[in-house]
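For reference, the structure is listed below as structure tokens.
The values are calculated or read from the model by the stated rules, or taken from the named source; none is laboratory data. Predicted model, so just to flag it, every value in this text is computed and none were measured. Note that we place each Cβ from the backbone using ideal geometry, even for glycine, and neighbour counts take in every protein chain shown.
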């Protein structure tokens, strides 16, 4: 059983083949970034109580660059220990694929944004080369997390502070913020912390 605000999850299998069926060597296999929740901690973090939004059996998405991810073997299978606050979101079902990214439910103060592509042509009609295009900085909010837990100085779990954006809002955000994702059809999304949003349009 994990302690505190930690979550134990069984890691999804690495992709062994490309979409064309080519077998990949171990070094080239994509590192998995999803898994199924096995158990959550007791919520006790020092003198404070963490209120979990996750429950056993849910499929989570986490960043492969996360510093707080600890891998371990449990009965011959790869698992991770990760703080709930470091988890990006929850997928709609255990068999979810990249096609289901629009249904991702962000956790904490994160929001799921459908990215607006940068323009290929300037207002004057000049075609921009790829090297001159800025990474998209705007998009439309698709889903909003429940909010980050506040600190009211009480031992019981404090109330969550909901992000100050809602579904349908058009926003601009920091250039390198968030976790970028793309569906097989080429639709681009980004999961941002609410603090990464610069303004609503």
**Prompt:** Just a yes or no: is a residue in segment 83-102 touching a residue at least 40 places away in the same chain (Cβ under 8 Å), within 24 Å of residue 166 (Cβ to Cβ), in the same structural domain as residue 146 (by TED's automatic domain parsing) and crowded, with 18+ Cβ neighbours inside 10 Å?
**Reply:** yes
**Asked** Any residue in segment 134-150 that is assigned to a loop (DSSP other than H, G, I, E, B), within 23 Å of residue 43 (Cα to Cα), over 16 Å from the mean Cα position of the chain (by Cα) and at pLDDT below 90?
**Response** yes
**Asked** What about residue 109, is it modelled with pLDDT of 85 or more, under 19 Å from residue 197 (Cα atoms) and in the same structural domain as residue 198 (by TED's automatic domain parsing)?
**Response** yes
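To keep it simple, each residue is scored yes or no on (1) over 29 Å from residue 159 (Cβ atoms); (2) modelled with pLDDT of 90 or more; (3) over 17 Å from the mean Cα position of the chain (by Cα).
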position: 21; (1), (2), (3): yes, no, yes
position: 37; (1), (2), (3): no, yes, no
position: 56; (1), (2), (3): no, yes, yes
position: 63; (1), (2), (3): no, no, no
position: 80; (1), (2), (3): no, yes, no
position: 98; (1), (2), (3): yes, no, no
**Request:** Taking only segment 165-177 into account, find how many residues are touching a helix residue (DSSP H, G or I) at 6+ places or on another chain (Cβ under 9 Å) and either at pLDDT 90 or above or closer than 25 Å to residue 4 by Cα (or both).
**Result:** 2
